[in-house]
Amino acid sequence: DSGVTQTPKHLITATGQRVTLRCSPRSGDLSVYWYQQSLDQGLQFLIQYYNGEERAKGNILERFSAQQFPDLHSELNLSSLELGDSALYFCASSVGRTSGVQETQYFGPGTRLLVL
Amino acid sequence: AQKVTQAQTEISVVEKEDVTLDCVYETRDTTYYLFWYKQPPSGELVFLIRRNSFDEQNEISGRYSWNFQKSTSSFNFTITASQVVDSAVYFCALSELVYGQNFVFGPGTRLSVLP
């Protein structure tokens, strides 16, 4: 158990809909990262937040957005969903003392999203 | 641009065999970090090792060992005396300090250890 929690575990929705994925980092970790894992794209970094502020952006679509709240939990919002958004979405956290690139990231169990 | 190559898509071995998973990376940064993660059938990602670009010492942890060679831009992972529980997808990842601020994962190698 990494200490990172994600809810829900599974999500089934329809195209055009909007969903919110939630992540709680390990106790004491200030950085939260979001990743998408799909069969065709593999594991892709989406975005990083550090102590409430966006720190780094990866291959995140404009239809997607994220935020980190004062209690350090984070939410990933996916809107106007398409079939291709079906994937496993991971959240990870790290201490966040530095820029984060050299820190070990601990991953949550993931949220499996299925768009029908 | 960052790039991580794991040329072996799938490997099958019989229990107790040694197996090496290859990872080759590309970076123009002089300071970078390399990682290995394991993704068992249950789906979670488990951290195995982190290595910075200035530390080329090989590392051993139980049956696991890692060989980092900057000259060939490789960070290979060896499992000695493999066990069925080692069956998983293994990902190598690269993170740059200057030119990139985020992780790039390789495509992964699926290891099947047969009893």
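Scan the range B:34-48 for residues that are under 10 Å from the mean Cα position of the chain (by Cα) and more than 9 Å from chain A (Cβ to nearest Cβ) and the total you get is 4.
Any residue that is part of a strand (DSSP E or B) and farther than 12 Å from A:Y33 by Cα - is there at least one of those in the range A:83-90? Looking for residues that are part of a strand (DSSP E or B) and farther than 12 Å from A:Y33 by Cα, one finds at least one in the range A:83-90, hence yes.
Among the residues of the range A:27-39, just one is within 13 Å of A:V95 (Cα to Cα), within 14 Å of another protein chain (Cβ to nearest Cβ) and more than 14 Å from the chain's Cα centre (by Cα), namely A:D29. Of the listed requirements (1) touching a Gly at 6+ places or on another chain (Cβ under 8 Å); (2) in a loop (DSSP other than H, G, I, E, B); (3) among the small types (G, A, S), A:G96 misses just one: (1).
Conditions tested, residue by residue: (1) without any contact (Cβ under 8 Å) to a residue 40 or more places away in the chain; (2) under 20 Å from A:Q105 (Cα atoms); (3) in contact with a strand residue (DSSP E or B) (Cβ under 8 Å, 6 or more places away or on another chain).
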| position | (1), (2), (3) |
| --- | --- |
| B:C23 | no, yes, yes |
| B:Y33 | no, yes, yes |
| B:K38 | no, yes, yes |
| B:D55 | yes, yes, yes |
| B:Q83 | no, no, yes |
| B:Y90 | no, yes, yes |
| B:E96 | no, yes, yes |
| B:P107 | no, yes, yes |
| B:S112 | no, no, yes |
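Among the candidates B:V13, B:V4, the residue that is aliphatic (A, V, I, L, M), within 12 Å of another protein chain (Cβ to nearest Cβ) and in contact with a strand residue (DSSP E or B) (Cβ under 6 Å, 6 or more places away or on another chain) is uniquely B:V4. Looking at the range B:63-105, which of the residues that are within 14 Å of chain A (Cβ to nearest Cβ) and modelled with pLDDT of 95 or more is surrounded by the most Cβ atoms within 10 Å (Cβ to Cβ)? Restricting to residues being within 14 Å of chain A (Cβ to nearest Cβ) and modelled with pLDDT of 95 or more, the top hit is B:C92. Condition first: within 14 Å of another protein chain (Cβ to nearest Cβ) and closer than 20 Å to B:W36 by Cα. Can you find one or more residues in the range A:73-88 that meet it? Looking through the range A:73-88, at least one residue is within 14 Å of another protein chain (Cβ to nearest Cβ) and closer than 20 Å to B:W36 by Cα. If you check A:R26, A:R18 for being of a type in the set (K, R) and out of contact with any Gly (no Cβ under 9 Å at 6 or more places or on another chain), only one passes: A:R18. Any residue at all in the range B:47-68 that is aliphatic (A, V, I, L, M), closer than 20 Å to A:S2 by Cβ and in a strand (DSSP E or B)? The answer is yes; a qualifying residue exists. Within the range A:55-72, being within 11 Å of another protein chain (Cβ to nearest Cβ) and either modelled with pLDDT of 90 or more or more than 19 Å from A:G96 (Cβ to Cβ) (or both) holds for A:N59, A:I60. Residue check: B:G108 meets all listed conditions (1) within 30 Å of A:R55 (Cα to Cα); (2) among the small types (G, A, S); (3) more than 14 Å from chain A (Cβ to nearest Cβ) but one, namely (3). The set of residues in the range A:61-79 that are surrounded by fewer than 18 Cβ atoms within 10 Å (Cβ to Cβ) and either in contact (Cβ under 8 Å) with a residue 60 or more places away in the chain or farther than 22 Å from B:E44 by Cβ (or both) comprises A:L61, A:E62, A:R63, A:S65, A:Q67, A:F69, A:P70, A:D71, A:N77, A:S79.
The condition (being surrounded by fewer than 19 Cβ atoms within 10 Å (Cβ to Cβ) and within 14 Å of chain B (Cβ to nearest Cβ)) is satisfied by just one residue among A:G42, A:G108: A:G42.
The values are calculated or read from the model by the stated rules, or taken from the named source; none is laboratory data. What you see is a predicted model; the values in this text were computed from it and never measured. Please note: Cβ atoms are built from the backbone with ideal geometry, for glycine as well, and neighbour counts cover all protein chains shown.
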